[in-house]
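One structure is given here, and the rest of the page talks about it.
The values are calculated or read from the model by the stated rules, or taken from the named source; none is laboratory data. Treat the numbers as computed from the prediction; the structure is a model and nothing was measured. All Cβ positions, glycine included, derive from the backbone under ideal geometry; neighbour counts span all protein chains shown. SASA here: full protein model, heavy atoms, side chains in, ligands and nucleic acids out. Shrake-Rupley method; radii C 1.70, N 1.55, O 1.52, S 1.80 Å.
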Amino acid sequence: MRRPELFHGKPVIAFDTEDSRRNFLRGAALIGVGGTLAITRAGDRFALAQDASQNDLDILNYALTLEYLEAAFYTRALENNVVEGRELELVTPIRDHEQAHVAAVSGTISDLGGEPVERPRFRFPDGVLDNRDAFLETASVFEELGVTAYQGQVTNIENGDILAAAAAIAGVESRHAAIIAQISGGNPFPAPMEATATMDEVLEAAMQFIRS
Amino acid sequence: MRRRDFVKGAATVIPGSVALQMLGTKWAFAQSADFGNDIDVLNYALTLEYLEAEFYRQGNEAGLLDGQEAEYLQQVGADESAHVDGITQTINQLGGMPVEAPGVDFGGAFDSRATYLETAFTFENLGVSAYLGAAGFIKQPAILQAAAGIFGVEARHAAVIGNLLGKPAENGVYMGVTETPLSKDEVLAAAQPFLTGAAGMGDDAAVTR
């Protein structure tokens, strides 16, 4: 996969507590057992999501952290009037979607008896929140990373309802990625199929920006 | 704003219970026995991909678009052809029998740039919802992964074509906070006007041979 060089290696994510950081990073440990995860899709795909495994809760918290990152990014950038006109029309719903994803994923984790990861603190370098080109470039990195992150969990999620939710969100992230590419002169259709990234790969890209 | 406040505040936008309810309904329609096995799902997808691939082949030949727009639609058409090839290959590998290309009639879709793009917009959003609606039936992880990967690309197509048409950002370029699944029956009803002949999807022949 593409390894995004975000912010030239400067940290942007800071967790409030060590527990929170570990919850996010625990994903890395999952990779080692990925091949042996019981995938019992056929039988329980349509069951209500009331028996979520720790595995699925970890994946949801991983997704939540990425959604927090995106939501904070768009919220702050739009407060700075970073884009205008049609671009503003197109980016505003992206912010709204990411905020709604945060709420939905967080609420789902709680309902399933899990503990939503705490909202990290983010630090965005100068420019990406108030310069159009830098903003769109960073948005593209985040959206493409989000797409591959969700796609990479498709076969790891055990519960059918959670998988459905993740897929329904992933498609929206794909729309975002395409539109950001379209308005910034990138390629909205880089491949006939979405790429995947393992949690390990996403974490590797993200960890350099995480301060404990 | 403190962390706890944020989480609480955010949760009031979409209460967790409501969110879960939303998620819980995603597969609800899928309880009817729409697909017997993964090959059924793949043949269903293949028929839709055939429809799209032929649509763009004809549409791009009609010379209705210029410049960047024409390039985008060439890419979209190439993606759909790649989906046809990939799904056909997968069905063969599984020992199944790929359905044949359906007969198609796109009516006045190629009368103008606007009719071409509007019809493309319809097909792409239909494709997104069809994949999401069928995903719950897929049993093999590798096939589920492929379907998800194609689904995302259809969503890209839908968004960009919506934007080329100058559609509203929400309920045009984007279709909400989450994508919406459609059942096989709903998808077939929407596709039916474009399908002709024995290879059409008027009955289950095309998807359950």
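Side notes on the structure shown:
- Take each residue of peptide A:178-186, count the partner chain Cβ atoms within 10 Å of its Cβ, and average: the result is 4.
- Residues whose amide H falls under 5 Å from that of residue A:121, counting only those 5 or more places apart or on a different chain, are A:14, A:15, A:16, with hydrogens built in the peptide plane.
- Using Cβ point charges alone (K and R +1, D and E -1), the dipole size of the range A:79-200 about the Cα centre works out to roughly 80 debye.
- Placing R0 at 30 angstrom, the Cβ-Cβ distance between residue B:189 and residue B:142 gives a FRET efficiency of 0.50 after rounding to 0.05.
- The listed peptides A:56-65, A:187-196, ordered by packing as a protection proxy, come out as A:56-65, A:187-196 (highest mean of other Cβ atoms within 10 Å first).
- Surface accessible to a 1.4 Å probe, per residue, for the residues of the range B:63-209, Å²: 38
- Neighbourhood charge, 13 Å Cβ-Cβ cut-off, centred on residue B:118 and excluding it, Lys, Arg +1 and Asp, Glu -1: 0
- Interface of B with A. Using a 1.4 Å probe and counting protein heavy atoms only, the two chains hide about 5000 Å² of accessible surface, both sides summed.
- Minimum 50 Å² accessible area buried by the other protein chains, the range A:63-99 residues, probe 1.4 Å, relative to alone: A:86, A:97
- Near the amide H of residue B:103, within less than 5 Å, lie the amide hydrogens of B:196, B:199, B:200, all on another chain or at least 5 residues away, with H placed in the peptide plane.
- Estimated Rh, the range B:56-190: Kirkwood, alpha-carbon pairs, angstrom: 15.9
- Per residue of peptide B:133-144, the mean number of Cβ atoms on other chains within 10 Å of the residue Cβ is 4.
- Given +1 at the Cβ of Lys and Arg, -1 at the Cβ of Asp and Glu and no other charges, the dipole of the range B:70-209 around its Cα centre is 260 debye to the nearest 20.
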